[in-house]
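Following: one structure in structure tokens, then a few remarks.
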Amino acid sequence: RDILFVSTFSCNLPNWSLFTRGFVTFLKSSTFMDLLRSHKLSQLPSTHHGVVSLNGTDTLNHAFQTLVRNNILGAPVRVDGPNGSHAYKVIDIVDLVHFVVNLYSEDERLFEHDLHEIMARSGQSNAGKAFTVQNVCDLSHCNPCVPVAETADLSKIADALATGVHRVLVIDHEGTLKNVITQSAIVEFLWKHRSHFTDILEKSLFELNLGAKDVVSAKTSDLAIDAFRSIITRKVTAVGVVNHDGVLIDNISTRDLRTATASKDTVKHLYSPVAEFLAAKHKEDVAPATAIACKSTDTFAQLLEKIHNNKIHRVYVVNEHYHPIGVVSLKDILDLFARLDADRQ
């Protein structure tokens, strides 16, 4: 889902036979999926901040501030029904990005407010009735709610997350929310148990066919708001930032709308060039100063280590000129193991 290339660069790929030989060797291994099957969801610990949830009647401003305060990208939403029944939805930061970008245009008196004030103001419909969280859940059509019984094993979660779902809700037999498991949690589990697939670790990304997806990119001279619009229209979670020579220098993701709220001038920066938006973002020390990148010849172990050490959701693949030629997302890693398991069966 993540990625569509905007600029084209040449790349000399390694010999195709290396890919064929490496992938055939890879197909012989399935110990990681077997490991997942041996662990129940109840064995996976909750996140360090516990399960953060919202109510369907909460305001958009409350939802946004909850995500910012807990340093999370999304949360489950409980929607109460008749006769004491209830169901769950999910709201993601990209849903709020979608809402703000579509509700406000550049010619409105937007720059006088910070993002919290905008979310509070945008919580009113034209009829004066407040928009609530349940009205905006999955507005981006990128974050469906996927509930899984807590008696299931981790492979069920991995299968769902490999399709591009960002988080899965763990529900007990009484319909109570017990945990939220994200792509990051499963990839971290993979890193912790990497000794179970040592034959894969030294394979190159090219041999494993990782990093073949193209990249949505933005230039430093583009408006930051247009970079966020690209995230919405391309249905991705981030865009790579390139300079006038096409060199990868940074990254803008949905996370940046949240972390950039430390500045009173956040919204003003959204209508500034990408270079200025990034300068404001890094002034708050909320992200690495450059995008994390690797080469197609790097090993799977090197890729996992970069993701683990930097706590990131994607690694860009660059050529010898540091031009972005691909990207590896957490979804791609989980999809790799899911395809391996399907081929074995």
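When the Karplus curve 6.51 cos²θ - 1.76 cosθ + 1.60 is applied with θ = phi - 60°, which whole-Hz ³J(HN,Hα) does each residue of the range 296-304 get, with x for Gly and Pro?
With the stated coefficients, the range 296-304 comes to 5, 8, 5, 7, 4, 4, 5, 4, 4 Hz.
Could you pull out every residue, at least 5 positions away or on a different chain, whose amide H is within less than 5 Å of the one on S296? Hs are placed 1.01 Å off N in the peptide plane, and Pro or chain starts have none.
It is V318, by chain and number.
Under the 0.36 nm per residue contour assumption, what length would be gained going from the current alpha-carbon distance of D80 and H141 to full extension?
Using 0.36 nm per residue and subtracting the Cα-Cα distance, I get 19.8 nm.
Within 10 Å of each candidate Cβ there may be at most 14 other Cβ atoms; applying that plus a DSSP loop requirement, which trypsin sites (Lys or Arg not before Pro) in the range 177-280 survive? Walk me through the intermediate numbers first.
Values: sites: K178, K192, R194, K203, K213, K219, R229, R234, K235, R255, R258, K264, K268; in loops: K203, R234, K235, K264.
Hits after loop and neighbour filter: K264.
How far, in nm, would the chain grow between T220 and S195 when pulled straight, counting 0.36 nm per residue and subtracting the alpha carbon separation? Walk me through the numbers on the way to the answer.
Working: separation 25, 0.36 × 25 = 9.00 nm, distance 4.11 nm.
Value of the extension gain: 4.9 nm.
Just subtract the alpha-carbon distance of E276 and N310 from 0.36 nm times their residue separation and send over the number in nm, one decimal.
Stretched fully, the E276-N310 segment lengthens by 9.9 nm.
So for the pair E320, T151, with labels modelled 7 Å out along Cα→Cβ, what separation do we get in nm?
5.9 nm
Estimate the FRET efficiency between V52 and D245 by the formula 1/(1 + (r/R0)^6), using the beta-carbon distance for r and 41 Å for R0, to the nearest 0.05.
E(calc), rounded to 0.05, equals 0.45.
So which GluC sites (Glu not before Pro) in the range 165-211 are both in a DSSP loop and have at most 11 other Cβ atoms within 10 Å of their Cβ?
Counting only loop positions with at most 11 other Cβ atoms within 10 Å, the GluC sites (Glu not before Pro) in the range 165-211 are E174.
Taking the alpha-carbon centroid of each part, what is the distance from the range 155-208 to the range 228-253 in angstrom?
After rounding, the separation between the Cα centres reads 26 Å.
Given the pairs K192/K306; K89/K156; K268/K306; K156/K178; K156/K331; K235/K331, which are separated by over 22 angstrom at their Cα positions?
K268/K306
Bear in mind that the values in this text are calculations on the coordinates, not laboratory data. Note that the coordinates shown come from a computational prediction; the quantities given were computed from them, not determined experimentally. Cβ: placed from backbone, ideal geometry, glycine included. Neighbour counts: every protein chain shown.
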